[in-house]
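Report on the structure given below.
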2 protein chains.
Amino acid sequence: MSGDHGLRVTVPAALHALQANPRLYLYLVGDEPAIQAELSRHPCDTLASRFEILHAPYALAHDASLAQVLRGTPDSSMHQGLALVAETRAHALVSAGPTAALLALGRQVLQMLPGFKRPAFCSAMPVRQGHSYMLDLGANVDCSAEQLHDFARMGSALVCSLHGIERPRVGLLSNGQEDSKGNAIIREAAQRLQLDSRLHYTGYIEGNEIHQGELDVIVCDGLLGNISLKSAEGTATLARELIAEQVRSTRWSQLLGLFAAPLLRRLSESLEGERHGGAFLLGLQGLVVKSHGGAGIQGFAAAILQATRCLEQQMLPRMAHYLDNQEVI
Amino acid sequence: MSGDHGLRVTVPAALHALQANPRLYLYLVGDEPAIQAELSRHPCDTLASRFEILHAPYALAHDASLAQVLRGTPDSSMHQGLALVAETRAHALVSAGPTAALLALGRQVLQMLPGFKRPAFCSAMPVRQGHSYMLDLGANVDCSAEQLHDFARMGSALVCSLHGIERPRVGLLSNGQEDSKGNAIIREAAQRLQLDSRLHYTGYIEGNEIHQGELDVIVCDGLLGNISLKSAEGTATLARELIAEQVRSTRWSQLLGLFAAPLLRRLSESLEGERHGGAFLLGLQGLVVKSHGGAGIQGFAAAILQATRCLEQQMLPRMAHYLDNQEVI
């Protein structure tokens, strides 16, 4: 039901994901008549045995208060979807629903991993080579140094589980390289990270270094993470628009643009993240992938397939194993 | 003397700026023998009557402590340069020197504008159309709501003085549009801005909206501003690299790249800011433009010419007039 475009995006995205991965089975959690109506617009007979609809008539409003979310809505599609995961009937939830509601309900229904207090949004950033994961991207506006420390451990476990890197390199987002940079909380977090022998902490990282891909994990509070991610997205969009404008400006460049079109498409996909799928809601006892509210069919399908890949790679059990078996030296 | 490249950049940049603007007169403040040596490598006889060297043998180290900066260094080139402005022998200082030192010495030597407590770095951002100025870009890591309010007023005065916009649109950088977003300080600042009838406050702005150019002034603390600006720069660099890589990948795209080269150069200039010059150190009783430490000849020359244009436009007197003549309705 979720996201800016609702079923018009999520239903065809689900069918697209089913086609792309024959091992996938989906619950479509939402208002059954509306889902049926949208399904009738797409040919999906061959896929019908691989999904079922779970009727949840109520979709959480984008501006629902936390009290509403937590108390009054056991039949909301988000709550039902999380319950499926909590009851191990489903292995993961993919949602483009309201962020604050997903956070609050996720903690309530799935519970936190032992030893962690707050979940964080974590996503792969577009980088030159390899993979850099950044967290928190907006779950927690205010973070203590202890939370930032937790994020470093969760991020390291994620990278190890997905990419087999034993000692992921961890950086702390700040406004300069020197120890004196950052605010009091960032400086305190730096000390904690430095003292934790389980982590491969490499120091502060500046905003312009994120995309160089020299770190595996970049840690920050949710406010900085949100601003950094969205500033990068806005620049990517501007780059695409500037190129498109240049291409339109003369006949000769129109011709050039015709041939350069695939290049430009790849560029914007690389930078703007539609292909990258969603963000993990890390720290919960269950796999939750949050797709961008504004995601299109391709973006939401990418989020579903991302969850599938993570399940195939045993992401959560491996993360738990990593966290349990690290010894403080 | 300043910046990562020292006189190798600043001297040819100064000559370049003198050539570009025949009304410009420059003091080259630094170690005279070293400046003479660098000058001897460039043909500049025709310009010799339009600059003079002011001998200041000591350059502040990048890692000089604030105590060192403020107490022990009246003969540092930065101190001498600021003194020239304070004594009205020069109309502006352009420096690529250490940021913290420039802030501390700037406040000490030039004094703050009446009614303002802390200076802020302010720069024009690359936007789709027009001009958007963002502040603070890194002078103040921790800001109170009152300071953010001051920045909104300083930024509005800047935009009015440079672009003649009577009621510049002001936004506050946050992690969402809703009133509930931001941290406690951002929310308090929003209330202050809303209540100040002198300002045309339009609400929160997200990171991905900065580059759309729909606001004249974007206000944030120096930590968020630094991270946002550098995240955007990093993405622009990545975009340029991705394009260059694509262009190199096949013979056909090499040919394309040959013709697309000017387009790519314009793109990277638009986004990466080398052409944009420096950042204003706003709030002081004197014009100070801070060039990027890593600026090349073109970048440092752009900062000098930016200062020149601002002087020609009477930026500081106009800002003072704007601030003095606003009535709280």
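Counting residues in the range A:263-278 that are away from every other protein chain (no Cβ under 13 Å), closer than 24 Å to A:Cys160 by Cα and at pLDDT 65 or above gives one or more.
Taking the range A:279-288 as the range and being modelled with pLDDT of 95 or more and either assigned to a strand (DSSP E or B) or among the β-branched types (Val, Ile, Thr) (or both) as the test, the residues that pass are A:Phe280, A:Leu281, A:Leu282, A:Leu284, A:Leu287, A:Val288. When the range A:122-131 is limited to residues that are within 11 Å of another protein chain (Cβ to nearest Cβ) and in contact with a Gly (Cβ under 6 Å, 6 or more places away or on another chain), the one that is surrounded by the fewest Cβ atoms within 10 Å (Cβ to Cβ) turns out to be A:Gln129. I'd like to check something: does the range A:121-144 contain any residue that is free of Cβ contacts under 8 Å to residues at least 40 places away in the same chain and acidic (Asp, Glu)? Checked the range A:121-144: no residue is free of Cβ contacts under 8 Å to residues at least 40 places away in the same chain and acidic (Asp, Glu).
The residues of the range B:202-228 that are facing chain A (nearest Cβ under 7 Å) and aliphatic (A, V, I, L, M), listed by number, are B:Ile210, B:Leu223, B:Leu224, B:Ile227. Within the range B:280-292, is there a residue that is in contact (Cβ under 8 Å) with a residue 12 or more places away in the chain and touching a His at 6+ places or on another chain (Cβ under 9 Å)? Yes. Counting only residues that are within 19 Å of the chain's Cα centre (by Cα) and farther than 23 Å from A:Ala17 by Cα, the range A:76-98 holds 0 of them.
Restricted to the range B:4-29, and to residues there that are touching a helix residue (DSSP H, G or I) at 6+ places or on another chain (Cβ under 6 Å) and more than 20 Å from B:His91 (Cβ to Cβ), the residue that is surrounded by the fewest Cβ atoms within 10 Å (Cβ to Cβ) is B:Pro12. Among the strands (runs of 3 or more DSSP E) confined to the range A:114-213, the ones with at least 1 residues that are in contact with an Asp or Glu (Cβ under 6 Å, 6 or more places away or on another chain), under 30 Å from A:Glu312 (Cα atoms) and modelled with pLDDT of 95 or more are located at A:120-125, A:169-173. Return the only residue of B:Leu15, B:Leu82, B:Leu103 being of a type outside the set (Ser, Thr, Tyr), in contact with a His (Cβ under 9 Å, 6 or more places away or on another chain), under 22 Å from B:Leu305 (Cα atoms) and in a helix (DSSP H, G or I). None of the others qualify; the one that does is B:Leu15. The residue that is farthest from A:Ala83 (Cα to Cα), among those in the range A:39-56 that are surrounded by 14 or more Cβ atoms within 10 Å (Cβ to Cβ) and within 26 Å of the chain's Cα centre (by Cα), is A:Arg50. Screening the candidates A:Asp142, A:Asp150 for the property of being more than 13 Å from every other protein chain (Cβ to nearest Cβ) and more than 17 Å from the chain's Cα centre (by Cα) yields one hit, A:Asp150. Scan the range A:32-72 residue by residue and report those that are in a loop (DSSP other than H, G, I, E, B), closer than 26 Å to A:Thr99 by Cβ and small (Gly, Ala, Ser). If the condition is that a residue be in a loop (DSSP other than H, G, I, E, B), closer than 26 Å to A:Thr99 by Cβ and small (Gly, Ala, Ser), then A:Ala56, A:Ala59, A:Ala61, A:Ala64, A:Ser65, A:Gly72 are the ones that fit. Screening the candidates A:Pro33, A:Pro74 for the property of being over 21 Å from A:Gly106 (Cβ atoms) and not aliphatic (A, V, I, L, M) yields one hit, A:Pro33.
The values are calculated or read from the model by the stated rules, or taken from the named source; none is laboratory data. In this text the structure is predicted, and so the values were computed from the model without any measurement. Every residue, glycine among them, receives a Cβ derived from its backbone with ideal geometry; neighbour counts consider all protein chains shown.
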